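A.B. asks: Handing you a structure now.
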């Protein structure tokens with residue numbers, strides 16, 4: 001079982017590296033393709049929107065429940081790699097780039113939630129621990145393009161897309177070749193349209209899902225704008241921003257692993273509560289650290305935020321999976337992910353607009369709405385989610 005978990009983690013890391021590939025080289029790509037300054041917001045939202053549509057399609061058609069999850073994972077990995085790499089073509093520009101990123105996000109819907117479905121099919125006991133490592137792989141994969149950018153500083157920006165597409169192909173082959181259908185898998189023989197009803201009607205599942213939605217309001221907006229936060233604060237010392245962005249985002253992978261391990265002893269609910277509470281404090285404290293802290297202290301503060309902003313993610317996913325009916329688990333994980341990522345578009349677009357009208361140090365306060373809302377969902381003493 002440890003071997004299976006390691007392979008799932010490795011494949012998830014490889015495949016999700018395509019997620020933020022565009023963000024890591026946005027400046028170079030914008031210069032090469034004559035894109036405007038707000039294109040980062042559109043670029044990230046295109047991936048998120050593609051993921052949303054993808055998860056809706058995958059959930060309504062119940063792909064992960066009707067067909068082998070490993071096969072779904074493989075085809076999704078291959079197609080996301082294809083559209084990720086298409087951006088390097090000379091004729092791909094402007095709206096074509098957004099279409100490529102949309103399709104990359106669409107097929108990521110067959111990687112991230114399906115990877116969680118595969119893990120849930122193998123590890124019914126201690127699911128929080130398993131998903132801690134799995135979501136940690138997603139976080140590291142998300143941050144990895146920034147490290148590639150730092151290490152390949154002298155190479156053209158296209159190499160980021162070449163490298164991440166190759167990793168995605170390799171990850172899909174790993175799952176297909178070495179991870180078969182899990183022993184706890186429940187196959188669904190027909191399309192099921194009752195997923196939303198299940199989410200709304202089951203109190204424990206509903207609160208776990210709503211807590212996840214609050215968490216997502218903050219998470220991807222923070223990840224998207226980490227390079228901008230660093231640029232505005234460090235000003236003249238911008239050479240190391242790709243490396244610092246990788247560290248600040250990537251430290252979340254360690255947070256997910258630690259929260260997963262601790263959840264075995266303390267429970268997912270308690271671990272998630274601590275994470276969203278600290279994360280909310282980090283949101284509210286941004287004006288103080290941005291205005292008065294030294295550069296070094298500011299970097300440490302962002303690392304702390306990067307740690308707690310995602311430590312609760314596997315906890316929410318495990319609570320959703322544990323409280324979902326077994327025969328609908330894959331579809332429910334997918335549909336909850338879909339709504340969560342729709343919320344990320346709203347917060348990213350809102351931050352992109354607020355930056356133009358509000359002093360930069362006060363923009364990030366709006367992100368605190370998410371973790372505070374999530375904390376309230378977890379703090380209900382009568383309808384506390386499992387684990």
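The values are calculated or read from the model by the stated rules, or taken from the named source; none is laboratory data. Only a predicted model underlies this, so the values are computations on that prediction, with no experimental measurement involved. Heads up, the Cβs are rebuilt from the backbone with ideal geometry, glycines too, and the neighbour counts pull from every protein chain shown.
A.B. asks: Can you pull out the residues in region 288-308 that are in a helix (DSSP H, G or I) and surrounded by 15 or more Cβ atoms within 10 Å (Cβ to Cβ)?
C.D. replies: Hits for region 288-308 are 289, 290, 298, 299, 301, 302, 303, 304, 305, 306, 307, 308.
A.B. asks: Right, next: Among the residues of region 287-304, is there at least one that is closer than 22 Å to residue 341 by Cα and touching a helix residue (DSSP H, G or I) at 6+ places or on another chain (Cβ under 8 Å)?
C.D. replies: Checked against the condition, which is being closer than 22 Å to residue 341 by Cα and touching a helix residue (DSSP H, G or I) at 6+ places or on another chain (Cβ under 8 Å), region 287-304 yields no hits at all.
A.B. asks: Regarding residue 273, is this residue in a helix (DSSP H, G or I) and modelled with pLDDT of 90 or more?
C.D. replies: Against the criterion (in a helix (DSSP H, G or I) and modelled with pLDDT of 90 or more), residue 273 qualifies.
A.B. asks: From the set of residues in region 309-363 that are free of Cβ contacts under 8 Å to residues at least 60 places away in the same chain and surrounded by 20 or more Cβ atoms within 10 Å (Cβ to Cβ), which is farthest from the chain's Cα centre (by Cα)?
C.D. replies: If we take residues in region 309-363 being free of Cβ contacts under 8 Å to residues at least 60 places away in the same chain and surrounded by 20 or more Cβ atoms within 10 Å (Cβ to Cβ), then 363 is farthest from the chain's Cα centre (by Cα).
A.B. asks: Any chance region 277-285 includes a residue that's surrounded by fewer than 19 Cβ atoms within 10 Å (Cβ to Cβ) and free of Cβ contacts under 8 Å to residues at least 12 places away in the same chain?
C.D. replies: yes
A.B. asks: I'd like the full set of residues that are crowded, with 20+ Cβ neighbours inside 10 Å and more than 17 Å from the chain's Cα centre (by Cα), limited to region 234-259.
C.D. replies: 241, 242, 244, listed by residue number.
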